[in-house]
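**Q** Provided herewith is a single structure, encoded as C-alpha cells, for subsequent inquiry.
The values are calculated or read from the model by the stated rules, or taken from the named source; none is laboratory data. Quick caveat: nothing in here was measured; it's all calculated off a predicted structure. Reconstructed Cβ throughout: ideal geometry from the backbone, glycine too, with neighbour counts over all protein chains shown. Heavy atoms of the whole protein, side chains included, go into the accessibility calculation; ligands, DNA and RNA do not. Shrake-Rupley method; radii C 1.70, N 1.55, O 1.52, S 1.80 Å.
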Amino acid sequence: MDFSLSDEEKAIRQATRDFINREVKPYEPIILERERRGEKALERSELRELQLKAREFGFWGLATPEKLGGMDLSAVMQSLIWTEIGRSFVPFRFGGEADNILFFANDEQREEFLVPTIEGERISCFALTEPDAGSDAANITFSARRDGDDWILNGEKTFITNGNDADFAIVIAVTDRKKDVRDGGSTAFLVDRAMGWTSSPLVPMGPNVPAALSFQDVRVPNRNILGEVGQGFQLAMKWIGKGRYIIPSYAVGIAEGLLKMGVEYSNIRQTFGKPIGENQAIAWMLADSATEIEAARWLTLNAAWVADQGMDPRHTSSMAKLNSASMVNQVVDRVMQIHGGMGYMKELAIERWYRQVRLFRIFEGTDEMQRLILSRNLLRGYEKVEPRWF
Ligand SMILES: Cc1cc2nc3c(=O)[nH]c(=O)nc-3n(C[C@H](O)[C@H](O)[C@H](O)COP(=O)(O)OP(=O)(O)OC[C@H]3O[C@@H](n4cnc5c(N)ncnc54)[C@H](O)[C@@H]3O)c2cc1C
C-alpha cells in the first residue's frame, strides 16, 4: 500500500506552506494585539488582499471547477492544503470559493450569486440551525409560504457563521408541512439582505462571531429557489458533508503547530535544573499527542480519498470529524499544560486556539451526532466494521 504523495501534491503543499509562512503568519502578532484591544482580527479588505496575492501564485478556488476559474482540486489535495492553513491562527482561507451547494445555481443565479461569491464581491452564509432545531435539523419550523410568483419567509435562524457580514443567505425553509422536512418538505432559498432580513451578532467563546438571523414577511421571488422545491434538506446535508473532512484537515494542522510549540518549550523550559521534557509526565504528553495527530491525519486523508473515489464518504467523514475534533482539544489542553502559566496568557496563541477548537466538537454535527450516525450505520447494517473497499 503506497501512502506517499505525488510530486504534484508535494509541490502544491510546499507552495501553500511557503505562502502561509511568508504572507499570512506575519499577521499573527498584529491579530493578538488587535484582539486584546477588542478589535476585529482581520479586516475584509486585508483578507481580500491576501487572497488576491495568493491568486497570483495560482491559488484560487480550491474546489471551484476550472471553467469558473478554479483549481478543481481533489478532496485529498484540499485536505492537505487545509492542514497547512491550520498551522496559522490567522483567519485566512484561499479566495475563489463558494459554498459547495451554490454550484447547484441555475444560469441566472450563477451570474447573480455564484460568480460574485467566487470573485469575493459578495459574501454568503448558510442558515439551517434554529433556536429550537440544531442537532435535530429535521425539526426546523422556519416557513416559506407561496404567494403568487413569490414566497413569504418567516422565522429565526441562529449561530450562523458569516451571518453578520453576508450579502445573501442560503436559507433552508419548510415549504410543505404535510411532508417530512427530510423528504420533500423543505427548500433552499437564496435571499439577499436587501430583501429585508436582519442579523445580530452573538457573543461566542472563540474568535468566530456567529449571528442570529430574523426574517419577518421577507418576500422572495420563486426564481431564488436553489435547486428544486423540496430538495432543501438534501442540499443542507451536502453542505455539511463537505465540512466533515475539511474541519478535521484544519484540526490536524492546528494540532501539529501546537505540538511543535510543545516540543520546543519542553526542551528550553528548565525546572529543578533540567528541561521539563526530561520528565516522563511531560514527555508522554508529547508522545500521545504525536500518535493521536498521526491517527487523525490518516483517518482524515482516508475520508477525503473515499470522497475522491466517488464512494459515499459519510461514514468515514463522521469518523474523521469525531476523532480530529477530540484530538485537537486534547492536544491544545496538553500544550497549554506544558507551557504552565505562560500557556494561559494571551501573549501566546495557545489560549486562543483553546477557545477556538472547542467549537469543533459542536458545529457541523456534534460529537454525539457523529456517534449517532456511526452507530446507526453499524446497527442497521449500512456499514460493516471493516472498511467497505477492503
Ligand atoms: C460558532 C458556531 C457557528 C455555527 N455556524 C453555523 C452555520 O453557519 N449554519 C448553521 O446552520 N448552523 C451553524 N451552527 C450551528 C451548529 O451546527 C449547532 O450548534 C449544532 O448542530 C448543535 O445544535 P444545538 O446547538 O442546537 O445543540 P442541541 O441540538 O440542542 O444539542 C445539545 C446537546 O445535546 C446533544 N444531543 C442532542 N441530541 C442528542 C441525541 N439524540 N443523543 C445524544 N446527544 C444528543 C448534542 O450533541 C449537544 O451536546 C454553528 C454553531 C456555532 C456554535
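**Q** Give G95, G38, G61 a once-over and let me know the one that is modelled with pLDDT of 95 or more and on the phi > 0 side of the Ramachandran plot.
**A** Just one listed residue meets the conditions, G61.
**Q** Can you pull out every residue in region 200-228 that is open to solvent by 10 Å² or more (accessible area, probe 1.4 Å), more than 12 Å from the ligand (Cβ to nearest atom) and in contact with a Leu (Cβ under 7 Å, 6 or more places away or on another chain)?
**A** G227, the sole residue that qualifies.
**Q** Filter region 337-357 down to the residues that are of a type in the set (F, W, Y) and under 20 Å from the mean Cα position of the chain (by Cα), then identify the one that is nearest to L32 (Cα to Cα).
**A** Looking at residues that are of a type in the set (F, W, Y) and under 20 Å from the mean Cα position of the chain (by Cα), I get W353.
**Q** Can you tell me which of I293, I276 is open to solvent by less than 20 Å² (accessible area, probe 1.4 Å), farther than 22 Å from R352 by Cα and assigned by TED's automatic domain parsing to the domain that holds Q337?
**A** Answer to the check: I276.
**Q** For region 287-341, which positions are part of a helix (DSSP H, G or I) and out of contact with any helix residue (DSSP H, G or I) (no Cβ under 8 Å at 6 or more places or on another chain)?
**A** A287, T291, E294, W298, G340, G341
**Q** Of all strands (runs of 3 or more DSSP E) completely enclosed by region 128-247, which ones contain at least 2 residues that are of a type outside the set (K, R), closer than 30 Å to A303 by Cα and touching a Phe, Trp or Tyr at 6+ places or on another chain (Cβ under 8 Å)?
**A** Result: 150-160, 168-174, 186-192.
**Q** Based on what the data block shows, is W353 open to solvent by 60 Å² or more (accessible area, probe 1.4 Å) and either out of contact with any His (no Cβ under 7 Å at 6 or more places or on another chain) or away from the ligand (no atom under 16 Å from the Cβ) (or both)?
**A** Taking the combined requirement at face value, the residue does not satisfy it.
**Q** Still on this structure, I have one more. May I ask you to list pairs of residues, at least six apart or on different chains, whose Cβ atoms are under 7 Å apart, with the first in region 155-170 being among the basic types (K, R) and the second being near the ligand (Cβ under 10 Å from one of its atoms)?
**A** Hits for this filter: K157/A127; K157/T129; K157/E130; K157/V171; K157/L213.
**Q** Inspect all residues belonging to region 360-378 and state whether any of them is assigned to a helix (DSSP H, G or I), under 23 Å from M77 (Cβ atoms) and open to solvent by 60 Å² or more (accessible area, probe 1.4 Å).
**A** Scanning region 360-378 turns up no residue that is assigned to a helix (DSSP H, G or I), under 23 Å from M77 (Cβ atoms) and open to solvent by 60 Å² or more (accessible area, probe 1.4 Å).
**Q** Just for region 94-127: of the residues that are in contact with a Gly (Cβ under 8 Å, 6 or more places away or on another chain) and not in a loop (DSSP other than H, G, I, E, B), which one is surrounded by the fewest Cβ atoms within 10 Å (Cβ to Cβ)?
**A** F104
**Q** Of the numbered conditions (1) surrounded by 16 or more Cβ atoms within 10 Å (Cβ to Cβ); (2) away from the ligand (no atom under 13 Å from the Cβ), G155 satisfies every one except a single condition; which is it?
**A** (2)
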